[in-house]
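For reference, the structure discussed in these notes is given below.
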Amino acid sequence: MEEQHKRRAHYSGRYPRRFEEKYKEHNPEKYQGEIEKIIRKGNTPAGMHIPIMVNEILQVLRIQKGETGLDATLGYGGHTEKLLEQLQGSGHLYACDLDPIESEKTRKRLLEKGFGEDVLTVLHTNFADIDKTAPEQKFDFVLADLGVSSMQIDDPERGFTFKEDGPLDLRMDPTKGEPASVLLKKMNADEMAALFSANSDEPYAERIAKEIDHTRHKDGAVRTTMQLHAAISRALSFLPEGEERKEAVRKSSQRCFQALRMEVNGELSNLQTFLDKLPLVTAPGARIAILTFHSGEDRLVKKAFREGLREGVYAEIAKDVIRPSAEECFRNPRAHSTKLRYAVRG
(Lines give C-alpha, C1' and ligand atoms only; values in the text may rest on other atoms or scores of the structure.)
Protein backbone atom coordinates (compact mmCIF):
# COMPACT_ATOMS: atom_id res chain seq x y z
CA MET A 1 0.00 0.00 0.00
CA GLU A 2 1.42 3.37 -1.01
CA GLU A 3 2.20 5.65 1.89
CA GLN A 4 -0.07 8.68 1.99
CA HIS A 5 1.74 11.99 1.51
CA LYS A 6 1.61 14.26 4.55
CA ARG A 7 1.89 17.99 4.10
CA ARG A 8 4.43 19.78 6.22
CA ALA A 9 2.92 21.84 9.04
CA HIS A 10 2.99 25.59 8.47
CA TYR A 11 4.84 27.95 10.79
CA SER A 12 4.66 31.68 11.30
CA GLY A 13 7.26 33.94 9.68
CA ARG A 14 9.69 33.31 6.85
CA TYR A 15 11.84 30.73 8.63
CA PRO A 16 10.94 28.05 11.22
CA ARG A 17 12.01 29.00 14.74
CA ARG A 18 10.84 26.13 16.89
CA PHE A 19 12.95 22.95 17.09
CA GLU A 20 10.20 20.66 15.85
CA GLU A 21 9.50 22.90 12.83
CA LYS A 22 13.04 22.82 11.44
CA TYR A 23 12.22 20.16 8.86
CA LYS A 24 15.28 20.74 6.67
CA GLU A 25 17.70 20.39 9.55
CA HIS A 26 16.00 17.22 10.76
CA ASN A 27 16.57 15.68 7.32
CA PRO A 28 20.18 16.61 6.51
CA GLU A 29 20.55 13.97 3.77
CA LYS A 30 17.60 15.48 1.89
CA TYR A 31 18.65 19.13 2.30
CA GLN A 32 22.45 18.82 2.22
CA GLY A 33 22.95 22.18 0.51
CA GLU A 34 21.05 24.11 3.17
CA ILE A 35 22.80 22.21 5.97
CA GLU A 36 26.23 23.07 4.56
CA LYS A 37 25.25 26.77 4.41
CA ILE A 38 24.31 26.70 8.11
CA ILE A 39 27.61 25.02 9.04
CA ARG A 40 29.66 27.48 6.94
CA LYS A 41 28.10 30.33 8.93
CA GLY A 42 29.53 28.82 12.12
CA ASN A 43 26.22 27.38 13.35
CA THR A 44 25.20 23.85 14.28
CA PRO A 45 22.00 22.73 12.51
CA ALA A 46 19.19 21.76 14.89
CA GLY A 47 19.00 18.04 15.51
CA MET A 48 22.59 17.49 14.36
CA HIS A 49 26.01 17.28 15.99
CA ILE A 50 29.29 18.29 14.37
CA PRO A 51 32.16 16.05 15.59
CA ILE A 52 35.01 17.95 17.22
CA MET A 53 38.78 17.57 16.60
CA VAL A 54 38.38 14.65 14.20
CA ASN A 55 41.84 14.97 12.61
CA GLU A 56 43.59 15.30 15.97
CA ILE A 57 41.77 12.23 17.30
CA LEU A 58 42.68 10.12 14.26
CA GLN A 59 46.34 11.18 14.58
CA VAL A 60 46.32 10.07 18.22
CA LEU A 61 44.50 6.76 17.72
CA ARG A 62 46.42 5.66 14.58
CA ILE A 63 43.73 3.08 13.78
CA GLN A 64 44.84 0.09 11.71
CA LYS A 65 42.73 -2.17 9.54
CA GLY A 66 41.46 -5.18 11.49
CA GLU A 67 41.68 -3.65 14.96
CA THR A 68 38.98 -3.73 17.64
CA GLY A 69 37.97 -0.41 19.16
CA LEU A 70 35.50 1.31 21.43
CA ASP A 71 33.66 4.58 20.97
CA ALA A 72 32.53 5.05 24.55
CA THR A 73 30.12 7.89 23.68
CA LEU A 74 28.28 7.26 20.40
CA GLY A 75 26.12 10.42 20.25
CA TYR A 76 25.26 11.50 16.70
CA GLY A 77 27.91 9.11 15.34
CA GLY A 78 30.19 11.65 13.69
CA HIS A 79 33.33 10.36 15.37
CA THR A 80 32.07 6.78 15.08
CA GLU A 81 31.77 7.03 11.30
CA LYS A 82 35.35 8.32 10.98
CA LEU A 83 36.66 5.50 13.19
CA LEU A 84 34.80 2.94 11.09
CA GLU A 85 36.24 4.37 7.89
CA GLN A 86 39.75 3.83 9.28
CA LEU A 87 38.97 0.13 9.86
CA GLN A 88 38.27 -0.26 6.10
CA GLY A 89 35.61 -2.93 6.63
CA SER A 90 37.88 -5.17 8.71
CA GLY A 91 37.91 -5.36 12.50
CA HIS A 92 35.12 -4.19 14.78
CA LEU A 93 33.93 -1.11 16.66
CA TYR A 94 31.81 -1.19 19.80
CA ALA A 95 29.88 1.98 20.60
CA CYS A 96 28.12 2.87 23.87
CA ASP A 97 25.46 5.46 24.58
CA LEU A 98 23.22 6.04 27.58
CA ASP A 99 20.55 7.82 25.51
CA PRO A 100 18.08 5.23 24.12
CA ILE A 101 16.40 7.80 21.86
CA GLU A 102 19.42 9.16 20.02
CA SER A 103 21.49 5.94 19.99
CA GLU A 104 18.82 4.11 17.98
CA LYS A 105 18.60 6.98 15.48
CA THR A 106 22.39 6.92 15.10
CA ARG A 107 22.50 3.14 14.67
CA LYS A 108 20.00 3.36 11.79
CA ARG A 109 21.87 6.31 10.26
CA LEU A 110 25.16 4.40 10.27
CA LEU A 111 23.48 1.25 8.95
CA GLU A 112 22.19 3.23 5.96
CA LYS A 113 25.80 4.30 5.30
CA GLY A 114 26.89 0.67 5.10
CA PHE A 115 28.11 0.07 8.65
CA GLY A 116 26.20 -3.02 9.74
CA GLU A 117 26.52 -5.44 12.64
CA ASP A 118 29.55 -7.11 11.05
CA VAL A 119 31.67 -4.04 11.87
CA LEU A 120 29.60 -2.13 14.44
CA THR A 121 27.90 -3.07 17.71
CA VAL A 122 25.79 -0.34 19.35
CA LEU A 123 25.15 -0.83 23.06
CA HIS A 124 22.66 1.09 25.20
CA THR A 125 24.86 1.34 28.26
CA ASN A 126 26.81 3.77 30.41
CA PHE A 127 30.48 4.10 29.52
CA ALA A 128 31.26 3.36 33.18
CA ASP A 129 30.37 -0.26 32.31
CA ILE A 130 33.10 -0.66 29.65
CA ASP A 131 34.22 -3.92 31.25
CA LYS A 132 30.86 -5.39 30.25
CA THR A 133 30.72 -4.13 26.64
CA ALA A 134 32.88 -6.91 25.16
CA PRO A 135 34.18 -9.14 27.99
CA GLU A 136 36.16 -11.35 25.60
CA GLN A 137 37.90 -8.43 23.88
CA LYS A 138 40.85 -6.18 24.64
CA PHE A 139 40.47 -2.89 22.75
CA ASP A 140 43.22 -1.59 20.48
CA PHE A 141 41.84 1.96 20.67
CA VAL A 142 39.31 3.85 22.78
CA LEU A 143 37.63 7.22 22.25
CA ALA A 144 35.47 9.07 24.79
CA ASP A 145 33.86 12.40 23.88
CA LEU A 146 32.43 13.70 27.16
CA GLY A 147 30.40 16.52 25.61
CA VAL A 148 26.62 16.56 25.35
CA SER A 149 25.41 15.97 21.81
CA SER A 150 23.83 18.94 20.05
CA MET A 151 20.67 16.91 19.39
CA GLN A 152 20.03 16.79 23.12
CA ILE A 153 20.87 20.45 23.66
CA ASP A 154 18.62 21.62 20.83
CA ASP A 155 15.53 19.59 21.74
CA PRO A 156 13.50 21.57 24.33
CA GLU A 157 11.68 18.42 25.44
CA ARG A 158 14.95 17.08 26.87
CA GLY A 159 15.44 20.11 29.13
CA PHE A 160 19.08 20.80 28.18
CA THR A 161 18.42 24.24 26.71
CA PHE A 162 16.98 27.55 27.91
CA LYS A 163 16.49 28.87 24.37
CA GLU A 164 12.95 27.47 24.46
CA ASP A 165 10.74 26.44 27.36
CA GLY A 166 10.58 22.79 28.30
CA PRO A 167 10.62 20.46 31.29
CA LEU A 168 13.72 20.83 33.47
CA ASP A 169 14.88 17.25 32.91
CA LEU A 170 18.55 17.00 31.81
CA ARG A 171 18.71 13.19 31.99
CA MET A 172 20.74 11.42 29.31
CA ASP A 173 18.41 8.47 29.71
CA PRO A 174 14.93 9.89 30.37
CA THR A 175 13.67 6.44 31.42
CA LYS A 176 15.92 6.28 34.49
CA GLY A 177 16.68 8.38 37.53
CA GLU A 178 15.24 11.72 38.62
CA PRO A 179 14.98 14.88 36.49
CA ALA A 180 16.76 18.08 37.51
CA SER A 181 13.49 19.63 38.72
CA VAL A 182 13.17 16.91 41.38
CA LEU A 183 16.83 17.30 42.37
CA LEU A 184 16.38 21.06 42.90
CA LYS A 185 13.30 20.45 45.01
CA LYS A 186 15.33 18.31 47.41
CA MET A 187 18.30 20.68 47.83
CA ASN A 188 18.59 23.67 50.13
CA ALA A 189 20.27 26.93 49.10
CA ASP A 190 23.68 25.98 50.53
CA GLU A 191 23.66 22.63 48.72
CA MET A 192 22.70 24.27 45.42
CA ALA A 193 25.45 26.88 45.77
CA ALA A 194 28.02 24.16 46.49
CA LEU A 195 26.84 22.21 43.43
CA PHE A 196 27.03 25.21 41.07
CA SER A 197 30.48 26.08 42.39
CA ALA A 198 31.94 22.57 42.33
CA ASN A 199 30.50 21.39 39.00
CA SER A 200 30.77 24.55 36.92
CA ASP A 201 32.88 27.14 38.79
CA GLU A 202 29.87 29.48 38.85
CA PRO A 203 31.02 32.86 40.29
CA TYR A 204 27.50 33.88 41.38
CA ALA A 205 26.59 30.48 42.86
CA GLU A 206 25.32 31.80 46.21
CA ARG A 207 23.18 34.58 44.69
CA ILE A 208 21.65 32.19 42.17
CA ALA A 209 20.98 29.50 44.79
CA LYS A 210 19.21 32.01 47.06
CA GLU A 211 17.03 33.23 44.17
CA ILE A 212 16.09 29.66 43.19
CA ASP A 213 15.24 28.96 46.84
CA HIS A 214 13.08 32.13 46.95
CA THR A 215 11.35 31.09 43.70
CA ARG A 216 10.56 27.64 45.12
CA HIS A 217 8.95 29.12 48.21
CA LYS A 218 6.95 31.53 46.05
CA ASP A 219 5.89 29.21 43.20
CA GLY A 220 6.20 25.78 44.79
CA ALA A 221 8.94 24.43 42.49
CA VAL A 222 11.20 25.20 39.53
CA ARG A 223 9.80 22.82 36.92
CA THR A 224 10.81 24.28 33.56
CA THR A 225 13.97 25.47 31.82
CA MET A 226 12.69 29.03 31.48
CA GLN A 227 11.75 29.20 35.17
CA LEU A 228 15.35 28.37 36.06
CA HIS A 229 16.72 30.80 33.45
CA ALA A 230 14.45 33.55 34.79
CA ALA A 231 15.59 32.92 38.37
CA ILE A 232 19.23 33.19 37.26
CA SER A 233 18.41 36.44 35.45
CA ARG A 234 16.80 37.90 38.60
CA ALA A 235 19.80 36.83 40.68
CA LEU A 236 22.09 38.83 38.41
CA SER A 237 19.87 41.92 38.26
CA PHE A 238 22.44 43.80 40.39
CA LEU A 239 24.75 43.96 37.35
CA PRO A 240 24.58 47.06 35.09
CA GLU A 241 21.83 46.82 32.47
CA GLY A 242 22.78 46.13 28.87
CA GLU A 243 24.99 43.64 27.03
CA GLU A 244 27.21 43.01 30.05
CA ARG A 245 24.31 41.71 32.13
CA LYS A 246 22.78 39.84 29.19
CA GLU A 247 26.06 37.99 28.54
CA ALA A 248 26.57 37.26 32.25
CA VAL A 249 23.06 35.75 32.50
CA ARG A 250 23.68 33.60 29.41
CA LYS A 251 26.99 32.27 30.73
CA SER A 252 25.67 31.67 34.24
CA SER A 253 22.67 29.82 32.81
CA GLN A 254 24.99 27.62 30.75
CA ARG A 255 27.12 26.86 33.80
CA CYS A 256 24.17 26.13 36.11
CA PHE A 257 22.50 23.87 33.55
CA GLN A 258 25.83 22.10 33.11
CA ALA A 259 26.24 21.65 36.87
CA LEU A 260 22.73 20.18 37.21
CA ARG A 261 23.22 17.90 34.19
CA MET A 262 26.47 16.56 35.62
CA GLU A 263 24.80 15.83 38.97
CA VAL A 264 21.62 14.30 37.53
CA ASN A 265 23.64 11.90 35.37
CA GLY A 266 26.45 11.24 37.86
CA GLU A 267 28.95 12.28 35.20
CA LEU A 268 32.06 12.77 37.33
CA SER A 269 31.63 9.52 39.27
CA ASN A 270 30.95 7.64 36.01
CA LEU A 271 34.05 9.19 34.44
CA GLN A 272 36.20 8.11 37.41
CA THR A 273 34.88 4.55 37.11
CA PHE A 274 35.57 4.60 33.36
CA LEU A 275 39.16 5.78 33.95
CA ASP A 276 39.72 3.11 36.62
CA LYS A 277 38.55 0.36 34.26
CA LEU A 278 40.43 1.49 31.14
CA PRO A 279 43.59 -0.51 31.90
CA LEU A 280 41.48 -3.65 32.34
CA VAL A 281 39.91 -3.51 28.87
CA THR A 282 42.79 -2.27 26.69
CA ALA A 283 45.50 -4.30 24.97
CA PRO A 284 49.23 -3.52 25.27
CA GLY A 285 49.98 -0.54 23.01
CA ALA A 286 46.33 0.53 22.86
CA ARG A 287 45.72 4.23 22.17
CA ILE A 288 43.19 6.20 24.23
CA ALA A 289 41.77 9.65 23.41
CA ILE A 290 39.44 11.60 25.70
CA LEU A 291 37.70 14.89 24.93
CA THR A 292 36.64 16.96 27.94
CA PHE A 293 34.60 20.16 28.16
CA HIS A 294 34.89 21.08 31.83
CA SER A 295 37.80 21.67 34.20
CA GLY A 296 36.54 19.00 36.63
CA GLU A 297 36.52 16.38 33.89
CA ASP A 298 39.96 17.41 32.63
CA ARG A 299 41.44 17.22 36.15
CA LEU A 300 40.23 13.63 36.56
CA VAL A 301 41.62 12.56 33.18
CA LYS A 302 44.97 14.29 33.73
CA LYS A 303 45.35 12.75 37.20
CA ALA A 304 44.45 9.22 36.00
CA PHE A 305 46.86 9.39 33.06
CA ARG A 306 49.73 10.79 35.16
CA GLU A 307 49.26 8.16 37.86
CA GLY A 308 49.08 5.47 35.19
CA LEU A 309 52.33 6.71 33.64
CA ARG A 310 54.12 6.61 37.03
CA GLU A 311 52.85 3.10 37.72
CA GLY A 312 53.78 1.80 34.25
CA VAL A 313 50.17 1.26 33.18
CA TYR A 314 50.69 3.79 30.37
CA ALA A 315 53.85 4.02 28.28
CA GLU A 316 53.07 7.54 27.06
CA ILE A 317 50.60 10.33 27.81
CA ALA A 318 49.95 13.80 26.39
CA LYS A 319 52.43 16.24 27.91
CA ASP A 320 50.06 19.13 27.34
CA VAL A 321 46.39 19.42 26.57
CA ILE A 322 45.53 19.61 22.85
CA ARG A 323 43.07 22.32 21.78
CA PRO A 324 40.94 22.72 18.63
CA SER A 325 42.22 25.13 15.99
CA ALA A 326 40.87 28.69 15.70
CA GLU A 327 39.41 27.70 12.32
CA GLU A 328 37.46 24.83 13.85
CA CYS A 329 36.18 27.02 16.68
CA PHE A 330 34.87 29.47 14.07
CA ARG A 331 33.13 26.70 12.11
CA ASN A 332 31.78 25.12 15.28
CA PRO A 333 31.49 27.46 18.30
CA ARG A 334 30.67 24.49 20.52
CA ALA A 335 34.32 23.39 20.17
CA HIS A 336 35.71 26.35 22.14
CA SER A 337 35.98 24.66 25.54
CA THR A 338 37.25 21.31 24.22
CA LYS A 339 40.41 19.70 25.59
CA LEU A 340 41.96 16.51 24.20
CA ARG A 341 44.27 14.25 26.21
CA TYR A 342 45.66 10.89 25.14
CA ALA A 343 47.46 7.90 26.63
CA VAL A 344 49.19 4.82 25.19
CA ARG A 345 48.81 1.56 27.11
CA GLY A 346 52.01 0.01 28.39
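The values are calculated or read from the model by the stated rules, or taken from the named source; none is laboratory data. Note that the structure is predicted; figures quoted are calculated from it, not measured. Note: ideal-geometry Cβ built from the backbone for every residue, glycine included; neighbour counts use all protein chains shown. Note: accessible area is taken over every heavy atom of the protein model, side chains too, but ligands, DNA and RNA are not part of it. Shrake-Rupley method; radii C 1.70, N 1.55, O 1.52, S 1.80 Å.
Along segment 336-346 the Karplus relation, 6.51 cos²θ - 1.76 cosθ + 1.60 evaluated at θ = phi - 60°, assigns HN-Hα couplings of 3, 8, 6, 10, 10, 10, 9, 8, 10, 5, x Hz to successive residues, with x for each Gly and Pro.
Electrostatic bookkeeping for Met187 treats Lys and Arg as +1 and Asp and Glu as -1; over the other residues with beta carbon under 10 Å from its beta carbon, the sum is -1. Ordered by 1.4 Å accessible area with all protein chains kept, Ser252, Ser325 run largest first as Ser325, Ser252. Applying the Karplus relation 6.51 cos²θ - 1.76 cosθ + 1.60 with θ = phi - 60° to segment 202-218 yields 3J(HN,Hα) values of 6, x, 10, 4, 5, 4, 5, 4, 5, 5, 5, 4, 5, 5, 4, 5, 7 Hz, where x marks Gly and Pro. The local environment of Gly69, defined by Cβ-Cβ distances under 10 Å, has a net charge of -2 under the rule Lys, Arg +1 and Asp, Glu -1. Scanning residues 5 or more positions from Leu70 or on other chains, those with amide H under 5 Å from its amide H are Tyr94, Phe141, Val142, Leu143, with H placed 1.01 Å from N in the peptide plane. Determine the sum of side-chain charges near Ser90: Lys and Arg each +1, Asp and Glu each -1, restricted to other residues whose C-beta is under 14 angstrom from that of Ser90. Around Ser90, the charge tally is -3. Please report the relative contact order for segment 42-190, taking Cα pairs under 8 Å with a sequence separation of at least 6, and give it as a percent rounded to a whole number. Value for segment 42-190: 24 percent.
Going by accessible surface with a 1.4 Å probe and the largest first, Val249, Val182 read Val182, Val249. The heavy atoms of Asp298 present about 10 square angstrom of accessible area, all protein chains included, probe 1.4 Å. Taking amide H as placed 1.01 Å from N in the peptide plane, the amide H of Glu316 sits under 5 Å from that of Val344, each at least 5 places away or on another chain.
Against the criterion of solvent-accessible heavy-atom surface with a 1.4 angstrom probe, Thr106, Thr68 sort, most first, into Thr68, Thr106. Amide H to amide H, with H built 1.01 Å from N, Ala221 comes under 5 Å of no residue 5 or more places away or on another chain.
Using the Karplus relation 6.51 cos²θ - 1.76 cosθ + 1.60 with θ = phi - 60°, the per-residue 3J(HN,Hα) values for segment 101-113 come to 6, 6, 5, 6, 4, 5, 4, 5, 4, 6, 4, 5, 8 Hz, with x marking Gly and Pro. Overall, the accessible surface of segment 165-251 at a probe of 1.4 angstrom is composed of carbon and sulfur to the extent of 49 percent. The residues of segment 135-211 expose on average 45 square angstrom of accessible surface per residue, using a 1.4 Å probe on protein heavy atoms.
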